[in-house]
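The values are calculated or read from the model by the stated rules, or taken from the named source; none is laboratory data. Fair warning: this is a prediction, and the values are worked out from it, not measured in the lab. Here Cβ is always computed from backbone atoms with ideal geometry, including for glycine, and neighbour counts include all displayed protein chains. These accessible areas exclude ligands, DNA and RNA; they are computed on the full protein's heavy atoms, side chains included. Shrake-Rupley method; radii C 1.70, N 1.55, O 1.52, S 1.80 Å.
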Amino acid sequence: MAQKVLVTGGGGYIGSHCVVELIEAGFCPVVIDNFSNAVRGEGDVPESLRRIEKILDTSIEFHELDLLDRPGLEKLFKQHSFSAVMHFAGLKAVGESVEQPLRYYQVNLTATMNLLEVMQTHGVHNLVFSSSATVYGDPQRLPIDEQHPVGGCTNPYGKTKYFIEEMIMDQCKAEKDWNSVLLRYFNPIGAHSSGLIGEDPQGIPNNLLPYVAQVAIGRRKHLNVFGNDYDTIDGTGVRDYIHVVDLAKGHIAALKKLKDNCGCKVYNLGTGTGYSVLQMVKAMEKASGIEVIPSSLPPKLLGQSKKKYHIHT
């Protein structure tokens, strides 16, 4: 019988792509989500999961559940025998976390504490945690490896990821039968090859590629690019972008690593190659055939066109 894996936040961008890879790897995902960042589809099920069912010609067990609902979480664990948990659920907007720090600490930390305590009660001791490279703060050296110092976070969102990592590490030290893999990744982009699921956030996108896509299709009038004087090829910021399907496959590898009774392991997920904002925009223009920023505008002159393009990323 296929092993059951609980996927928290499985209706969202990264979680849904991991659900695809779980099913294709022979696991049985049970998905929970509270629709804070997932689109509600037919039958009060995330639209992403409905589409996955079509892609893979299968059915997916879903429960609308908030991790702050401790009794609801207890009930779910009594109904199922989970072999492991993949934890994606949480608030994740950097700017919003600066504006609402207490909300981020309340939701992200309390939710994870509930999850860990319920896992402990029900003997589920295998966890893959969706962390973030934000735990590294401002880089002290490049490229960033797993030995880079952590904790110098520059925003409350990053701090919640760091605090959660510390909780998990402490639990693994205290309980030797616990195994966890903490995955720190950089900037997920892209979509499933079917084109049926991808990143389509509610409200104004916080990430570059969905914003560019919305400009390309006319949903938004222009692209905002903050910063045009970095020491880079074209003056715009450079980041490490990883395809979301590669990221999802990394989570499956982490899940398999748990079987080795690995204790607590930390891995970065990235490509090791950086691309600038304008390089990413030009790649989108080439792929879509739609001009996002006029080709006649030299990159180094972007800063002189703030009235039209509100330089921002």
The chain: calculated mean residue ellipticity at 222 nm from DSSP helix runs of at least 4, using -39500 (n - 2.57): -10500 deg cm²/dmol
If we count GluC sites (Glu not before Pro) as exposed when they sit in a DSSP loop and have at most 15 other beta carbons within 10 Å, what is the longest stretch of the chain that avoids them all? 1-145
Whole number in Å², please: accessible area per residue of the stretch 163-257, 1.4 Å probe, ligands, DNA and RNA not counted. 48 Å²
Considering only 135, 20, 281, give the residue with the highest GNM mean-square fluctuation for the chain, with springs between Cα atoms whenever their separation is below 10 Å. 281
Sticking with the crude label model, points 7 Å out along Cα→Cβ, report the distance from residue 138 to residue 260 in nm, one decimal please. 3.6 nm
Pairs 161/282; 4/75; 92/265; 92/286: which exceed 25 Å Cα-Cα? 161/282; 92/286
Residues in the stretch 172-186 that a label on residue 120 would reach, taking backbone N under 12 Å of a point 7 Å out along Cα→Cβ: 172-176, 178
Given a Förster distance of 30 angstrom, what is the FRET efficiency for residue 174 paired with residue 154, based on the Cβ-Cβ distance and rounded to 0.05? 0.50
Can you give me the Cα centroid spacing of the stretch 196-248 and the stretch 133-154 in angstrom? 22 Å
Any idea what the relative contact order of the stretch 1-52 is, in percent, if you count C-alpha pairs under 8 Å spaced at least 6 apart? 38 percent
Cys with no candidate disulfide partner in the chain (beta-carbon separation under 4.7 Å rule): 18, 28, 153, 262
On a 0 to 90° scale, report how tilted helix 110-121 is relative to the longest principal axis of the chain, with both axes built from alpha carbons and the result rounded to the nearest 10. 30 degrees
Ranking 144, 252, 290 from most to least accessible area with a 1.4 Å probe gives 290, 144, 252
Run through the stretch 135-179 and list the trypsin sites (Lys or Arg not before Pro) located in a DSSP loop whose Cβ has at most 14 other Cβ atoms within 10 Å. 141, 176
Relative contact order for the stretch 106-185: what is it in percent, counting Cα pairs under 8 Å that are at least 6 residues apart? 40 percent
How high is the relative contact order of the chain, in percent, counting Cα pairs under 8 Å that sit 6 or more residues apart? 18 percent
Please work out how much length the chain gains when fully extended from residue 283 to residue 40, using 0.36 nm per residue of separation minus the C-alpha to C-alpha distance, in nm with one decimal. 84.4 nm
Using the alpha-carbon atoms, what tilt in degrees (0 to 90, nearest 10) does helix 47-56 show relative to the longest principal axis of the chain? 80 degrees
Using amide H atoms built in the peptide plane, which far-off residues or other-chain residues are under 5 Å from residue 84 H to H? 6
Starting from 0.36 nm per residue, how many nanometres of slack lie between residue 109 and residue 78 once their C-alpha separation is accounted for? 8.9 nm
